[in-house]
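Taken together, the values in this text are just the output of simple stated rules run on the coordinates, not laboratory data. Here the structure is a predicted model, which means the values were calculated and not measured. Every residue, glycine as well, gets a Cβ built from its backbone with ideal geometry; the counts of neighbours run over all protein chains shown.
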Amino acid sequence: MNAVSIQHLVNVSGGKDSTAVYLRAIESGRPFRAVFADTGNEDQRVYDFIAELPHLTGGPVVETVRADFSRQLAQHRTYILEKWPQQGIADSIVQQAAALHEPTGNPFLDLCISKGRFPSRMAQFCTEELKTLPITLQVVGPMLKAGPVLQWLGIRAEESANRSKQPRFNRHESGSMVWRPIFDWSVEQVWAQHRKHGIAPNPLYALGMGRVGCMPCINCRKSELRNIADLFPDHIERIRQWEEIVASANKRRSATFFPAVTDSTDIDRPGSYSRIDTLVEWSRTARGGRQFDLFFQAQSGGGCTSDLGLCERSAA
């Protein structure tokens, strides 16, 4: 492969590791493109940081891609109108659910409406649908038509046991090659890279967040949920609204952002599952519902498991 013909693409999340890779790509002197997948479940500071990065560094603009679920929503709307009445579902429920199957413009919410549920650790379709596929279809695919593509990934071995097993360099199923240039870096080296280029970290870190990405992430820990509720209550309000919408758009008439867990704290609400407000209240306790504790203690911390490093892992 002629090195001159290789097209370079840096995946940017707005977190410290992908920023360090973006800065390293600038240092290489090679022309490159940068891309960010907007899930619609991000904090405004992430958008601001990504927009400002090229102006502060002289690097390329970070292109934004978003998934579009218009087709899936239309297909499911047709199914609702045709099949639900045959299943004995009340017309009022059918009409309400069908009306909600119009694109909202928010990728995360549209995905959940089309699926009839929120993603979970056991069904983590958010990573593939909101990040991997949009980048592959909208950016990598077209680039491959012009020649080989090398994706630069902000993945470090010390982030997690799973990521430590990834190779530094390999072929991705998209047809591109992927490289993890800071794979053996420590977090101290990542921050040193920021200082070297005079780049202040994403302000979310100074506000107490251990990671940057979906807020909240379906994989967040108890402490992270508590911090989000205390520092960014507007995000909790958004999730509260989404739970109502997704519940009204499916035949079960139920939807919880975190997996439906019947907990000891639900004793006064038999037959129901805890929504975001109950989980937030629990996150502020030293000891809470046993089932909640079991679930959240098993969490690996915020951040998806994408092999493309499209979301940062928790530092805690």
With n ≥ 4 as the cut-off for DSSP H runs, can you work out [θ] at 222 nm for the chain, using -39500 (n - 2.57) per run divided by the number of residues, rounded to the nearest 500? -11000 deg cm²/dmol
Rounded to two decimals, the Rg over Rh value of region 67-109 from Cα coordinates and the Kirkwood Rh reads 1.03
Explain nothing, just compute: Karplus ³J(HN,Hα) = 6.51 cos²θ - 1.76 cosθ + 1.60, θ = phi - 60°, for every residue of region 163-168 in order, whole Hz, x for Gly and Pro. 6, 5, 8, 6, x, 6
Surrounding net charge for Gly59, when Lys and Arg each add one and Asp and Glu each subtract one, Cβ distance under 13 Å: 0
In vacuo Debye scattering of the chain, one point per C-alpha: log10 I(q)/I(0) at q = 0.09, 0.10 Å⁻¹? -0.50, -0.62
For the chain, the helices passing both cut-offs (Cα extent along own axis of 15 Å or more, Kyte-Doolittle mean at least -0.5, full DSSP H runs) are 16-28, 44-57
With contacts defined as alpha carbon pairs under 8 Å and 6 or more residues apart, what's the relative contact order of the chain in percent? 23
Looking at this model, which pairs from Lys16/Lys222; Lys83/Lys131; Lys115/Lys165; Lys16/Lys145 are more than 28 angstrom apart at the alpha-carbon? Lys83/Lys131; Lys115/Lys165; Lys16/Lys145
Between the alpha carbon centres of region 35-52 and region 72-111 the gap in Å comes to 29
Could you give P(r) for region 1-82, binned at 10 Å from zero, as whole percent values over all Cα-Cα pairs? 15, 39, 21, 15, 8, 2
